[in-house]
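Working notes, beginning with the structure itself.
What follows draws every value from the coordinates through simple rules; no lab data is involved. The structure displayed is predicted, hence computed values, not measured ones. Quick reminder, even Gly has a Cβ in these numbers, built from the backbone with ideal geometry, and neighbours come from all protein chains shown.
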Amino acid sequence: MEMRQMLCSELNNLMENNKDIVVLNADLSRPNGVSKLDEKYEERCINVGIAEQNMASIAAGMSSYGFIPFIITFTPFATRRICDQIAISISYAKQNVKIIGTDPGISAEYNGGTHMSFEDIGVLRSIPDIVIFEPVDKVQLKKSLPKIVEYNGPVYIRMFRKEIADVFYNDYNFDLFKADVIQEGKDVTILCTGIMVQEVIETNKRLKEKGIDAEIINVHTIKPIDKETILKSVKKTGKVLVAENHNVIGGLYSAVCEFLSETYPVKVKHIGINDMFGQVGKMPYLKTVYNMRCEDIELAVESMLND
């Protein structure tokens, strides 16, 4: 099942049981996999056309009347295009709006640089009172949506749109504000999020063959970051690698460095976009271009351990 199929399925379950949930889209319900909701909940699904700023304002207004609006569109349109509306109409006004941005980072593939959002976390992380969450697989997405509906306040969900390998099983216990320790280790802490979690897990097979004991943590919520789990791990390993599908400026790497520099200064390396724009290409090619492959993670870990 693709991530967008799980999104549609779980939103359907939530909308059946909660009449306050509404869905707004900007002419992209079919690509984002939620067009079936348009048919079933005609009065609670609104297509505003290609007018994302208006969509955010409508969502804020509906929230002020007690609704729980979900905005669903491509990542750049869900963040940088509507940044002012998110800042003022939603966050400053303390409205309970949920924003889903699909195809983050290199997963935009053939849509290229204009649609390849490497800065969305950085754009929204500077806005007060907004939660930023990136599900790693469809299990985590399914578990997270009821919790996000229960949470009263703006939430940005940075969601891969298509099929991706599962990291978690159905018995997984999800906590929106607690990072997941996927594997305990003593040599290096690898903090990862989104599609990079699978890349790190795959790399770990190589690290084990070389006798490297890595602690792998899925930081699914970038804001507020789980300081307790990160600090506990870093105090044990003393070395940190951050892997993310985002510009290394403003994203998870920045959040980790900001926290550790004041709390427990250690050397932190990164895997991510080195302050560049996107380009057209399939994900394997783009991972090579931006040094986000297993080989790059392996080299970064070895470099840290050899310093």
Mind sorting out which of [x] 1.08; [y] 1.03; [z] 0.97 is the real Cα Rg over 2.2 N^0.38 Å computed from the coordinates? [z]
Quick shape check on the range 3-159: root eigenvalues a ≥ b ≥ c of the Cα gyration tensor, a/c under 1.5 is rounded, otherwise prolate if a/b tops b/c, else oblate, and it reads rounded
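Exposure proxy check: 137, 84 ranked by fewest other beta carbons within 10 Å?
The fewest-first ordering by Cβ neighbours comes to 84, 137.
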Could you list which residues have their amide H under 5 Å from that of residue 117, counting only those 5 or more apart in sequence or on another chain, with H placed in the peptide plane? 105
Can you work out the Karplus-derived ³J(HN,Hα) for every residue in the range 17-34? Use 6.51 cos²θ - 1.76 cosθ + 1.60 with θ = phi - 60°, whole Hz, and x for glycine or proline. 9, 9, 6, 8, 7, 10, 10, 10, 9, 10, 6, 10, 5, 6, x, 8, x, 10
At 222 nm, what value in deg cm²/dmol follows for the chain if DSSP H runs of at least 4 each add -39500 (n - 2.57) and the sum is divided by all its residues, to the nearest 500? -11000 deg cm²/dmol
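Which loop-located trypsin sites (Lys or Arg not before Pro) does the range 81-151 contain, where loop means any DSSP state but H, G, I, E or B and the Cβ has at most 15 other Cβ atoms within 10 Å?
Working: sites: 81, 94, 98, 125, 138, 142, 143, 147; in loops: 81, 94.
Loop-located and lightly packed - 94.
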Quick one: compute the contact order of the range 1-153, relative version, from alpha carbon pairs under 8 angstrom and 6+ residues apart, as a percent. 23 percent
In the range 64-127, which chymotrypsin sites (Phe, Trp or Tyr not before Pro) are in a loop and have at most 15 other Cβ atoms within 10 Å, using DSSP for the loop call? 65
Hey, got a sec? Which trypsin sites (Lys or Arg not before Pro) in the range 182-250 land in a DSSP loop and have at most 15 other Cβ atoms within 10 Å? 186, 210
Options 79, 25, 3, ranked by Cα towards positive dipole end of the range 1-89, top entry (Cβ charges): 79
What's the longest piece of the chain with no exposed GluC sites (Glu not before Pro), counting a site as exposed if DSSP puts it in a loop and it has at most 11 other beta carbons within 10 Å? 44-307
Any idea what the relative contact order of the range 88-217 is, in percent, if you count C-alpha pairs under 8 Å spaced at least 6 apart? 26 percent
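Is the range 180-306 best put as rounded, prolate or oblate by its Cα gyration tensor, with a ≥ b ≥ c the root eigenvalues, rounded for a/c under 1.5, and otherwise prolate when a/b is larger than b/c, oblate when not?
Values: a/c = 1.74, a/b = 1.20, b/c = 1.45.
Verdict is oblate for the range 180-306.
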